[in-house]
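One structure is given below, encoded as structure tokens.
FYI, it's all coordinate maths here, none of it is from the lab. Treat the numbers as computed from the prediction; the structure is a model and nothing was measured. So basically every Cβ, Gly included, is an ideal-geometry build from the backbone, and we count neighbours across all protein chains shown.
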């Protein structure tokens, strides 16, 4: 069976670079670095992820909007920290046709500064609150580091939810909802993750606090898939988003945002796939079940009939299924669909007709299993659940085995993955430990933070919480 | 019943400007002219139109892709006519952060020049053909004329299909398929249209020929909703898209494109709606049926139960239905949903329970009709078909009444809408007639072109075909 030239366990990063093109997710030959072409299969897969996100937004009464891509410089500059954080990363439009623009416009790196002047027009009274919106758009950041498909790109497929609330407390409730959304979503994607509260010096530009959503990649580096931000009234003041309370006073709204990106696809590919190709969780697999008639010489009516019948029955149960009747060998078909990561393969040959059975082959384990034709649909649906669970379990096992709560820098040095060390809350100590470990601060855990029995391994002061360190993408 | 301040039959253009905001389709207060905010209802409606387009693409084996927004200047300039046609309309990126780019990049006005260098890598042999792709993206054009929501904007929600074929003949077949797609699509949108072959001086920059899809708006101006282009090998030569034939020769592909835009939404609003608000064809209505319990004093269990039951039954039949149980008067609900253009309203009150009936109110005609509860679902589905047909018929009647095939300029001057005059095929004659009529050439009909008994009304030579003239958006 053909495999990738580079093996996943030998050189993860190069294997990743190979597989995203081999599986035809994207084409990296577009002549602007970090701006890749989404090929049909990659785009379809991304759309299935977007669909899960939209389902969650629908469930939680967020409304989808679309704000313009271009932002006038003057709007962008209203919140000082924000411009400081993003100023060096934006692309500037200076000319339209032959004419120089009176004011420069930038391509959105994120949409706060496009949305909030308009929110200030939409929100008048407490009856307009909460305002819960989201959009799925492309954003643009001038990356100077090495680019990598889906993980570090300059045109980013991006989800951003923006909400406005009466007060801090209501905004905090939103953040609880956001966390619940992440729990549901990443479970369906079979991607175990950790929430970390970013240190102040590393939070989103303009935020009051930032909670990051990180997964651990097989290279033992963390990959940030999303973040949830509490803005308090940091943006609503400069952008004038205020409302009249029931007793007639004017007050500024409190805001939150929730961002996720195509990095989710990077994590799906990196965490679940293998040397034969992609392994896609059933929830987002464009094709969940592939049915392959195993006929070598000529057509066999009964085999094809059964393929069609099983296919139809699965469709009726909302399974995304294809019967591959192309005129090539079954082996070539296995190869194609394994590369594309279809979770479950059904093989049906003349012998299976005799035995009133069909054969199921799992993409995640390669295991074969004959099941009766009678119970086929039920078993297939159960197998998809089992595959999903197995992908989750494997990824969770890897994450758990590579999260280390230790107490000294010496212990930390030995560990691959994520280490947690007692932390005194001083920026200097954390940055020094970053240096020593040649890693990055990820942030504090948001639960299970008890550590008063320990002291900061650098300064020796009593620790207030834990700080996580890891090599990151 | 509240109505728009400006009446549709008194000042169509101002009525249009009012209604797109009143129905909360878009917000025009974003500080860049011609770049509007898509509000949730407008975006949802646009997405339903996109869904119909995607269904057609799926049926005809087109694959969805996404190409980068930004195009390096050197790529853009490879096809000379193209750059001449678009050069004055593009936005230029010159800086990233503080750095000046080595080469300027532009925002796609359309994606030929982004896609074709990559197509040249994808296509190697005849086995790779035909290549049928499409994308739904935003494009950018520096409009200097007066902007108008959905009709003339600077950030354009855009559909573009791009195909590559072995030869001219196969590309011509694609154009036949494209025309069939337009026929199916615009029928579902209840938008009767005309195909016209654009005169050479007005075709797409780089095309061999262009067929436009135009509708007639109630202002008697035509609005171009889309176009189908035959490129021959005009682009494949400069971009090097060639393939090896079965007998080993290398030859350039022939290409077609198909473009449509958010103008479809402009046409939907302009053609079907009235002074009470939108009237949306059932095929794209985000809500097709609204159920309103008519209870003025307190709750009446039986009414609400019946509302829920009808709602559930309709959902089971894939009707997009909402039961509006908000605690406001039925009248306020009627107002809201009429403004939003929901095709059919169901009213259920205590009397209807007694009479074992429900009341249907059509948005297009305002007509009421009591129907038995037993046949409710069947009747509602039939009514949606009737409404769709009525919207089509009304628009077709208006188009037919305002298409005039005449033989002299004097006759043409009297006519509102579209006039067809015999044409000798000379550019000078057509442009002079444009001037006299204060209109634009739309193009030749692509069918029913027989006109050899007539002569050009300007130069007197025997006519070869008809030329259409109209005021345009």
- Partner shielding of B:95-105, taken as the mean number of other chain Cβ atoms within 10 Å, equals 5
- Message: Test of understanding: ordering A:336, A:200 by Cβ neighbours within 10 Å, fewest first, what list do you get?
- Response: A:200, A:336
- Helix B:376-401: inclination vs chain B longest Cα principal axis, degrees, rounded to 10, gives 50
- Message: Calculate log10 I(q)/I(0) of chain B for q = 0.08 Å⁻¹, where I(q) comes from the Debye formula with a single equal point scatterer on each Cα and nothing for solvent.
- Response: -0.57
- Using r as the Cβ-Cβ distance of residue B:6 and residue A:166, and R0 as 45 Å, what FRET efficiency do you calculate, to the nearest 0.05? 0.80
- At q = 0.14, 0.20 Å⁻¹, the log10 of I(q)/I(0) for region A:1-156 from a Debye sum over equal Cα scatterers comes to -0.93, -1.32
- Query: Between copies, how close do the residue B:172 label points come, placed 7 Å along Cα→Cβ, listed in nm from shortest?
  - Reply: 7.3
- May I ask you to derive the relative contact order of chain A, considering only C-alpha pairs under 8 Å and at least 6 residues apart, and to give it as an integer percent? 13
- How much FRET efficiency would the formula 1/(1 + (r/R0)^6) give for residue A:367 and residue B:410, where r is the Cβ-Cβ distance and R0 is 60 Å, rounded to 0.05? 0.10
- Per DSSP H run of n ≥ 4, the term is -39500 (n - 2.57); total these for chain A, divide by its residue number, and report the mean residue ellipticity at 222 nm rounded to 500 deg cm²/dmol. -10500 deg cm²/dmol
- Query: Taking a temperature of 20 °C and a viscosity of 1.002 mPa s, what whole-number D in µm²/s does Stokes-Einstein yield for region A:199-335 with Rh from Kirkwood over alpha carbon pairs?
  - Reply: 106
- Message: Rounding to the nearest 10 and keeping the result within 0 to 90°, find how far the Cα-based axis of helix A:263-272 lies from the longest principal axis of chain A.
- Response: 40
- Message: Taking the Kirkwood radius as the inverse of the mean 1/r across Cα pairs, report the Rg/Rh of region B:191-244.
- Response: 1.15
- Does anyone have the angle between helix A:40-59 and the longest principal axis of chain A? Alpha-carbon axes, 0 to 90°, nearest 10? 60
- Message: Just to be sure I understand the model, the point goes 7 Å from the Cα along the line to the Cβ. What's the resulting residue B:301 to residue B:99 distance in nm?
- Response: 7.2
- Query: Between rounded, prolate and oblate, where does region A:289-384 land on the alpha carbon gyration tensor, with a ≥ b ≥ c its root eigenvalues, rounded for a/c under 1.5, else prolate if a/b exceeds b/c?
  - Reply: rounded
- Message: List, shortest first and in nm to one decimal, how far the label point of residue A:435 (7 Å from Cα along Cα→Cβ) is from its counterparts in the other copies.
- Response: 7.9
- What's the extension gain from residue A:447 to residue A:173 if we count 0.36 nm per residue and subtract their Cα-Cα distance? 97.0 nm
- Over region A:208-285, one equal point on each Cα, no solvent: what is log10 I(q)/I(0) by the Debye formula at q = 0.11, 0.12 Å⁻¹? -0.50, -0.55
- Position residue B:297, label points 7 Å along Cα→Cβ, spacing to each other copy in nm (shortest first, one decimal): 8.7
- Which order do peptides A:139-151, B:63-75, A:272-284 fall in by mean Cβ count within 10 Å, highest first? A:272-284, B:63-75, A:139-151
- Note on the structure: Per the C-alpha gyration tensor (a ≥ b ≥ c, the square roots of its eigenvalues), region B:81-126 is rounded if a/c is under 1.5, else prolate if a/b beats b/c, else oblate; here it's oblate
- Reference-scaled alpha-carbon Rg (2.2 N^0.38 Å with N residues) for region A:403-472: 0.95
- Note on the structure: Quick shape check on the protein assembly as shown: root eigenvalues a ≥ b ≥ c of the Cα gyration tensor, a/c under 1.5 is rounded, otherwise prolate if a/b tops b/c, else oblate, and it reads rounded
- Message: Just to be sure I follow: if Rg is taken over the C-alpha atoms of region A:12-272 and Rh is the Kirkwood radius over the same atoms, what is Rg/Rh?
- Response: 0.97
- Distance in Å, no decimals, from the C-alpha centre of region B:274-334 to the one of region A:67-92 is 43
